[in-house]
Amino acid sequence: MPTVSSQDVLALAPVAILALGGIALLLSEVFLTSGKRGYQAFLTVLFAATAGLTAFGATPGKVFAGQATADAFSAFVTITVSFGLALAALVSASWLDARGAERGEFYALSLFAASGMSLLGMASDLLVAFVAIEIMSLSTYALAAWMRRGKKPAEAAFKYFILGAFSSALLLYGTSLVFGATGSTLLSDVARGPLQAGGSALLSAGLVLVAAGLAFKVAAVPFHVWTPDVYEGAPTPVTAFMAAGVKTAAFAILARTVLAAYAATGGAADSAFPRVLAVLALLTMLVGNLFAVPQRSVKRMLAYSSIAHAGYLLLGVLAAGLPAVRERALSGVLFYLASYTASAIGAFAVVGALESNGQPGDEPADAWDLERLAGLSRRRPLLAFAMTVFMLSLAGVPPTAGFVAKLLVFQAAVGAQYLALAVVGVLTSALGAYYYLRVVVYMYMRPAAEGEPAGVTSPVLSVALAVAVAAVVVLGIGSEPVASLARAAAAVVR
């Protein structure tokens, strides 16, 4: 067992703050005498902000004998996760209150999930990554079933749990094979290759299984089948947090693992591992966009589009394997994750605001149909404007954050000589613009149906949407401060 020093403990301060926040909110339920719980969302925001600031000021270095790394990369991941948690908590407050389902346990589970995400961003050991994934996953399984009286939430949680357990088994078995080949689960040791010349096949098999387990978390094809049903069945604020936070943390550990795998297997562009990753990126971009086109449910459309965005991010991770463009590619991935966090949470927040306040659990069959958005510009113009900004960003239309993010990733892919994949990325982005702009057309050019519910309206939700819109616009127009932070974070990853 490694010796624990004060530096080790301080490095994990962001994780500890998030976990202690969850414990505090759980205890608050024990002593609560009033039915009012509005303060709990603000406490969650406070803990998230504190964790983000602590990560920003942490002393860099490897801790716990190299099993975790506190550096600019992990700090960027923690800050992005904390920002997503704060936004999701503000969105959740009005949504849960309208359904009488606001409890401290909800925010506690969100904080516990965020602590696992933060730890995952720091992990430089496959076993630590497994523990962090389980902390994150168990919390999100419970959150997906929060409105447990409905059929859809129960189905979503069950599917997520079963397939998540299967992916964890793949990850753990792959880790055991990697240990058998290298004698270690540290990514730095994995990068040196197998202990013996004959261990390359064992190491390759282990890395493939580890990559498959992580591919489930990022919703890469063919490990994506859970995404539409889980995203649709889970409470909308939970879907927003899952779409942003889980993707950010999973891509952080995937990037570290892929770089170690490149080093261990030779990592040339024509070797087997990059080819497999290239096929995954290609299929994920194509399948995500093609299946999003026919969707009438906005929530399912956003679920399939999240798969497409995973494909673009995989393209950035693939390009990072080439040392000449590694920093550019990783910084593009980090910036993409930050912009996607603001855009996706904002889009799901608008969808949640338009849901009816019926019985908890099951929404009507047409709860997320495009017709719900028809005439929104006349009924609720500010909400329509916010949704337009998020759709333009997800489509990659300038001058939004999504445009800059895709530009950075595609530039890195071209620099790494993945020209064909970059062309596919651009073409599928153009296809994505169709179903994103279709939402805008419905809001501004279709008449509203009679008797459409007003949905949720609250000052807290307005603040969350204003912050998300501001983030999307600022990252698009003045992207350099965040882009420079992303470059500094990418520069420390080897």
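A few remarks follow.
- The single condition among (1) at pLDDT 90 or above; (2) under 16 Å from the mean Cα position of the chain (by Cα); (3) farther than 30 Å from Leu177 by Cα that Ala234 does not meet is (1).
- Taking the conditions (1) closer than 28 Å to Val287 by Cβ; (2) within 19 Å of the chain's Cα centre (by Cα); (3) assigned to a helix (DSSP H, G or I) in turn, Val208 satisfies each one other than (2).
- Residues that are closer than 18 Å to Pro399 by Cβ, within 22 Å of the chain's Cα centre (by Cα) and at pLDDT 90 or above, drawn from the range 467-479: Ala468, Val469, Ala470, Ala471, Val472, Val473, Val474, Leu475, Gly476
Residue-wise test of (1) over 24 Å from Val333 (Cβ atoms); (2) over 22 Å from the mean Cα position of the chain (by Cα).
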residue: Phe112; (1), (2): yes, no
residue: Asp125; (1), (2): no, no
residue: Ala142; (1), (2): yes, no
residue: Ala169; (1), (2): yes, no
residue: Thr175; (1), (2): no, yes
residue: Leu187; (1), (2): no, yes
residue: Pro194; (1), (2): yes, yes
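- Filtering the range 275-293 to residues that are over 19 Å from Ala347 (Cβ atoms) and either more than 20 Å from the chain's Cα centre (by Cα) or surrounded by fewer than 24 Cβ atoms within 10 Å (Cβ to Cβ) (or both) leaves Arg275, Val276, Leu277, Ala278, Val279, Leu282, Leu283, Leu286, Val287, Leu290.
- Within the range 155-174, the residues that satisfy the criterion of being farther than 19 Å from Thr257 by Cβ, of a type in the set (A, V, I, L, M) and in contact (Cβ under 8 Å) with a residue 40 or more places away in the chain are Ala156, Ala157, Leu163.
- Only one of the numbered conditions (1) modelled with pLDDT of 85 or more; (2) over 26 Å from Ile253 (Cβ atoms) is violated by Gly38, and that is (1).
- Pairing residues of the range 182-200 that are surrounded by 15 or more Cβ atoms within 10 Å (Cβ to Cβ) with residues that are modelled with pLDDT of 85 or more and among the basic types (Lys, Arg), at Cβ distances under 6 Å and at least 6 apart in sequence or on separate chains, gives Leu187/Arg256.
- The lone exception for Ser74 - which of (1) in contact with a Pro (Cβ under 9 Å, 6 or more places away or on another chain); (2) more than 30 Å from Pro481 (Cβ to Cβ); (3) surrounded by 22 or more Cβ atoms within 10 Å (Cβ to Cβ); (4) not aromatic (Phe, Trp, Tyr) it fails: (2)
- Filtering the range 263-272 for residues that are surrounded by 19 or more Cβ atoms within 10 Å (Cβ to Cβ) and under 30 Å from Ala113 (Cβ atoms) leaves an empty set.
- Residue within the range 259-275 that is modelled with pLDDT of 90 or more and not aliphatic (A, V, I, L, M) present: no
Here is a yes/no grid of residues against (1) of a type in the set (A, V, I, L, M); (2) more than 24 Å from Ala48 (Cβ to Cβ); (3) touching an Asp or Glu at 6+ places or on another chain (Cβ under 8 Å):
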position: Leu119; (1), (2), (3): yes, no, no
position: Val128; (1), (2), (3): yes, no, no
position: Val131; (1), (2), (3): yes, no, no
position: Ala144; (1), (2), (3): yes, no, no
position: Lys151; (1), (2), (3): no, yes, yes
position: Leu163; (1), (2), (3): yes, yes, no
position: Ser167; (1), (2), (3): no, yes, no
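- Scanning the range 368-406 for residues that are of a type in the set (Lys, Arg) and more than 20 Å from Ala466 (Cα to Cα) returns Arg372, Lys406.
- Screening Gly21, Gly66 for residues that are more than 20 Å from the chain's Cα centre (by Cα) and either within 18 Å of Phe241 (Cβ to Cβ) or part of a helix (DSSP H, G or I) (or both) leaves exactly one candidate, Gly21.
- Test: residue in the range 226-249 that is farther than 30 Å from Asp369 by Cα, part of a helix (DSSP H, G or I) and either in contact (Cβ under 8 Å) with a residue 12 or more places away in the chain or charged (D, E, K, R) (or both): yes
- Residues being out of contact with any Leu (no Cβ under 9 Å at 6 or more places or on another chain) and either buried (at least 24 other Cβ atoms within 10 Å of the Cβ) or not aliphatic (A, V, I, L, M) (or both) - total across the range 409-433: 2
The values are calculated or read from the model by the stated rules, or taken from the named source; none is laboratory data. Since this is a predicted model, take the numbers as computed values, not measurements. Here the Cβ is made from the backbone with ideal geometry for all residues, glycine too, and neighbour counts use every protein chain on show.
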